[in-house]
C-alpha cells in the first residue's frame with residue numbers, strides 16, 4: 001500500500017515502513033535502547049531526505065521511550081531526581097544540537113557531520129561494548145563471576161564538588177558530571193537523530209556507577225524528554241517533522257518493542273551486551289566504509305530555496 | 001546616409017512581410033488535466049498534451065512540421081556540490097549555486113533537435129537540455145556556462161537520474177500531419193507547484209508559431225492541511241506530533257500490559 005508523505009514529499013510503502021519500525025522496535029525493546037541509530041540510516045536508505053529522517057525519528061523515539069518509561073515507572077525503576085538533573089543538561093544540549101543542525105545544513109556539511117559522528121561514536125561505543133561483553137563471556141567460561149563489581153572504587157569523578165544524594169539509586173554524587181552527560185546526550189541526539197540511550201546506559205553504569213536497576217528506566221525518561229523537546233524544536237525551526245511518517249514508525253516501533261523486551265529477557269546479560277556491541281559496531285563500520293570508499297557519484301544536489 | 005537608413009527600413013519591412021506568411025500557422029493545444037491533485041495515494045501521474053496545427057489559405061501545402069515541447073516546473077535555487085578526498089575521507093569541497101532553475105524540466109520533440117533546427121536557433125530558442133538557460137552564480141557573477149561545464153552536466157545528469165529532467169526526441173507523435181500528442185510523465189518525486197508548457201512549431205529549421213499552456217500540481221485535503229500546518233504553525237504542529245507520540249506510547253503500554 002503506497003502512501004504519499006506530506007512533508008517528505010515522496011510516496012512510501014506503508015508496510016515497509018511499519019516493518020522497519022517493528023524491526024527496530026524489536027531491537028530497541030531487547031536492548032533497552034531507543035534505536036534511532038538504526039532507524040535514521042534505514043529511512044535515508046529508502047529515499048527520505050536525511051534532514052526529514054532525523055527530525056521525524058525524534059518523535060518516533062519519544063513514543064517508544066514513553067511506553068518503556070511507563071512500565072519502568074510502575075516497577076519503581078526510575079530515579080526521578082537523577083532524571084531531573086540529567087535533563088537540565090539534556091535540554092541545553094538539545095537546543096544547542098538543533099541550532100548546530102540548522103547551521104550545518106546551511107553550510108552543506110550536514111551529511112558529513114552525521115556520517116563522521118556516526119563513525120566515531122558507534123565504532124567506539126560498539127567496540128568497547130563488544131570487548132567488554134567478550135571478556136565477561138570468557139570469564140564466565142572459565143567459571144568466574146560474569147561481572148566484576150567494584151563497589152569501593154572511586155574515580156576522580158566522585159571527588160567533584162556539588163554533591164547530591166540520589167535516593168532511589170542509592171548513590172551520593174556530584175551534579176557536574178551528570179549535567180555534562182545530559183548535555184552531551186541531548187546534543188548528539190538532536191544532531192544525529194538518535195536517542196543516545198546506548199551511550200547513556202554505559203556512561204551511567206561505568207562512569208557514575210548508577211545501579212543497573214534504575215539505569216534503563218532513568219535513561220528512558222531522559223530520552224523521552226529530550227526527544228519530545230527535539231521534536232518541538234525541529235518542528236519550529238526546520239519544519240521538517242513528517243507526522244505521518246512518524247506515526248507509522250511509532251505504531252510499528254511500540255509493537256516491536258514489546259516482543260523485543262520479551263525476547264531480551266530470555267537472553268543472558270553478557271550475550272545481550274555482546275550482541276548489542278556487535279550491532280552498534282556494524283552500523284559504525286558501515287558508515288566508515290562509506291566515508292573512505294570513493295562515492296559512486298562525486299556530485300550531489302541540494303535545494304536551497306524556493307524562488308516561486 | 002539617409003538613403004542607407006531608408007534601405008534598412010525597407011529591409012525591415014521586407015522581413016516583416018516575409019515573416020507574415022509564416023504566421024499563417026496557429027497552434028491549438030490542451031493538456032489532459034490542468035490540476036493534478038496530490039492525495040495520500042498519489043504516486044505520480046502522466047498527463048497527455050494534445051493539439052493541432054491550424055492552417056489558413058496562405059499556408060504552403062505539404063509542409064512538414066516539427067514540434068518541441070518544453071515543460072518547466074516551479075523554479076528554485078539549488079546547489080551542486082563536488083566531493084573530494086581530504087584526509088582520507090570524501091567530503092564536499094567545491095560547490096556551485098544554480099539560481100531559479102526549474103525543479104522539473106522536460107523536453108519532448110518529434111525528432112532529434114539537431115535535425116529540427118540549426119545550432120544557432122537551438123540556442124536562441126533554448127531547445128534541448130544543452131541549450132536551456134541554467135543560471136549559475138560563479139563567485140559573484142551570474143551566468144550560464146558552456147553545456148559541458150562539469151557542474152552543469154553533473155546537475156543535469158543527477159536530475160535526469162531522478163526522472164526530474166528529461167529529454168525525449170521521439171515523444172511527440174503526429175497522428176495526422178497536423179494533429180499531435182505527447183505524454184508528460186510526472187514521477188511522484190516531482191515538486192508541487194505551477195508548471196509551464198511551451199510548444200514551439202518549426203518547419204524547415206525556422207520557428208513558425210509558439211503557444212503556452214500550464215498545469216499545476218497541488219496538495220489537497222489532508223496532505224495540504226499537514227504541509228501548511230507544519231510550515232505556518234510549527235509550534236502547534238510540534239505539540240500535536242509530540243502528543244501523538246505520547247499517546248501511541250501510552251496506548252502500547254496499556255495494550256501490552258501483562259500485570
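Taken together, the values in this text are just the output of simple stated rules run on the coordinates, not laboratory data. Everything numeric in this text was worked out from a predicted model, so none of it was measured. In this analysis, Cβ positions are derived from the backbone assuming ideal geometry, glycine residues included, and neighbour counts consider all displayed protein chains.
The table for this structure:
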quantity: Estimated [θ] at 222 nm from DSSP helical runs (n ≥ 4, -39500 (n - 2.57)) normalised by residues in chain B, nearest 500; calculated: -9000 deg cm²/dmol
quantity: Ranked A:76, B:96, criterion: other C-beta atoms within 10 Å, fewest first; calculated: A:76, B:96
quantity: Sites residue B:210 and residue B:250 - FRET efficiency at Förster radius 60 Å, r taken between beta-carbons, to 0.05; calculated: 0.45
quantity: R0 of 41 Å, Cβ-Cβ distance residue A:14-residue A:176: FRET efficiency to nearest 0.05; calculated: 0.30
quantity: Cβ crowding within 10 Å averaged over residues, with A:160-167, A:42-49 ranked highest first; calculated: A:42-49, A:160-167
quantity: Peptides B:203-209, B:152-158 ordered by average Cβ neighbours within 10 Å, highest first; calculated: B:152-158, B:203-209
quantity: Rounded to 5, percent antiparallel among DSSP beta bridges of the protein assembly as shown; calculated: 90 percent
quantity: Between 0 and 90°, nearest 10: helix B:221-232 axis offset from chain B longest Cα axis; calculated: 80 degrees
quantity: MRE, 222 nm, helices only [DSSP H, n ≥ 4, -39500 (n - 2.57), over chain A, to nearest 500]; calculated: -24000 deg cm²/dmol
quantity: Angle between chain A longest axis and helix A:269-292 axis [Cα atoms, degrees, rounded to 10]; calculated: 40 degrees
quantity: Of A:205, A:33, A:188, the one that fluctuates the most in a GNM where chain A has Cα springs shorter than 10 Å; calculated: A:205
quantity: The range B:19-248, relative contact order in percent, only Cα pairs under 8 angstrom and at least six apart counted; calculated: 30 percent
quantity: Cα radius of gyration and Dmax for the protein assembly as shown (Å); calculated: 30.6, 115
quantity: Degrees between helix A:50-74 axis and first principal axis of chain A (Cα, 0 to 90, nearest 10); calculated: 30 degrees
quantity: Sequence-separation-based contact order of chain A, relative, with Cα cut under 8 Å and 6+ spacing, percent; calculated: 40 percent
quantity: Semi-axes of the equivalent ellipsoid for the range A:2-292, Cα gyration tensor, largest first, Å; calculated: 30, 22, 18
quantity: Computed E for residue A:140/residue A:263 - FRET, C-beta separation, R0 22 angstrom, nearest 0.05; calculated: 0.60
quantity: Per-residue mean of C-beta atoms belonging to partner chains within 10 Å, peptide A:290-301; calculated: 6
quantity: Test item: A:31-43 mean partner chain Cβ contacts at 10 Å; calculated: 0
quantity: Three-way shape label, the range B:19-248, alpha-carbon gyration tensor, a/c 1.5; calculated: oblate
quantity: Distance between the range A:212-239 and the range B:55-126 - C-alpha centres, whole angstrom; calculated: 47 Å
quantity: Within a Gaussian network of chain A (alpha carbon springs, distance under 10 Å), most fluctuating of A:15, A:31, A:187; calculated: A:15
quantity: Inter-chain shielding of A:248-254 (mean C-beta neighbours from other protein chains, 10 Å cut-off); calculated: 4
quantity: Mean separation of Cα contacts under 8 Å, 6 or more apart, over the residue count of the range B:21-98: relative contact order %; calculated: 25 percent
quantity: Selected from A:122, A:298, A:275 as most flexible by GNM, with chain A as the system and alpha-carbon contacts under 10 Å; calculated: A:298
quantity: Most to least packed among B:232-242, A:227-237 [average Cβ atoms within 10 Å]; calculated: A:227-237, B:232-242
quantity: Sequence of B:45, B:216, B:223 once ranked by neighbouring C-beta atoms within 10 Å, starting from the fewest; calculated: B:216, B:45, B:223
quantity: Projected label distance in nm at residue B:100 and residue A:124, using a 7 Å step from Cα toward the beta-carbon; calculated: 4.8 nm
